[in-house]
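One structure below.
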Amino acid sequence: MQWQEVAAGLVVGLAVCLGMVLALLTLPGVWLMLLTAVLVKLLWMPELIGPWTLAVCLVLAIAGELIEALASAAGTSRFGGSQAGAVASIVGGLVGAVLGTFVIPIPIVGTILGAILGSALATFATEVLYKQRPTGQALHAATGAAIGRTAATIIKVFITGVVGLILLASVLVEWL
């Protein structure tokens with residue numbers, strides 16, 4: 001094994017670690033992993049990671065993004081919320097994640113709680129103020145948004161971890 005293979009593998013490993021941290025912050029860590037793997041393949045060590053490995057990781061990354069984007073909306077709808085409430089849950093989750101990072105000064109926890117609370121609050125406000133729904137019904141829809149957002153975060157972090165393990169396994173197989 002040459003030093004270039006070791007260095008390239010370490011770069012992929014570092015991207016996997018950083019990608020997991022970003023995923024926990026509800027940021028696109030899986031894309032950092034995938035981009036790093038593609039760049040290593042194209043510019044440095046073409047044999048380190050196979051094209052099928054990259055294709056599988058790409059499909060998983062896209063699935064994770066779709067799940068993350070739609071889970072709070074699905075939770076809202078499943079708990080009786082309107083389409084407007086479902087859209088608000090997505091936007092509220094994004095805004096809440098950003099605000100939570102700064103308002104709740106506990107790394108990772110602030111971002112995750114912000115996303116969950118943002119989804120719930122945006123859904124609740126939309127159901128009460130825009131759709132004129134009773135408070136109890138709006139609260140029920142907001143609970144669905146929070147549950148959906150929580151599930152989305154867990155699933156996205158899991159998928160990011162799977163992509164990371166696939167990339168690391170690919171590197172290790174090439175090293176052996």
Summed residue charge, Cβ within 11 Å of residue 115's Cβ, Lys/Arg positive, Asp/Glu negative = +1
Measuring from label point to label point, each 7 Å out along Cα→Cβ, what is the residue 98 to residue 175 span in nm?
-> 3.9 nm
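Would you mind getting me the FRET efficiency between residue 66 and residue 168? Use the beta-carbon distance for r and R0 = 25 Å, nearest 0.05. Walk me through the numbers before you get to the answer.
Values: r = 24 Å, r/R0 = 0.97.
It comes to 0.55.
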Environment charge of residue 94, counting only residues whose C-beta is closer than 12 Å and scoring Lys/Arg +1, Asp/Glu -1 | 0
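Can you tell me the length gained on complete extension of the stretch residue 109 to residue 18, counting 0.36 nm per residue apart and subtracting the Cα distance? All intermediate terms of the calculation are to be shown ahead of the outcome.
Details: separation 91, 0.36 × 91 = 32.76 nm, distance 1.67 nm.
So the extension gain works out to 31.1 nm.
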Neighbours of residue 9 by Cβ distance under 15 Å: Lys/Arg at +1, Asp/Glu at -1, summed charge -2
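Coordinate-derived values only; no laboratory data. Fair warning: this is a prediction, and the values are worked out from it, not measured in the lab. Positions of Cβ are generated from backbone atoms using ideal geometry, with glycine treated the same way; all protein chains shown enter the neighbour counts.
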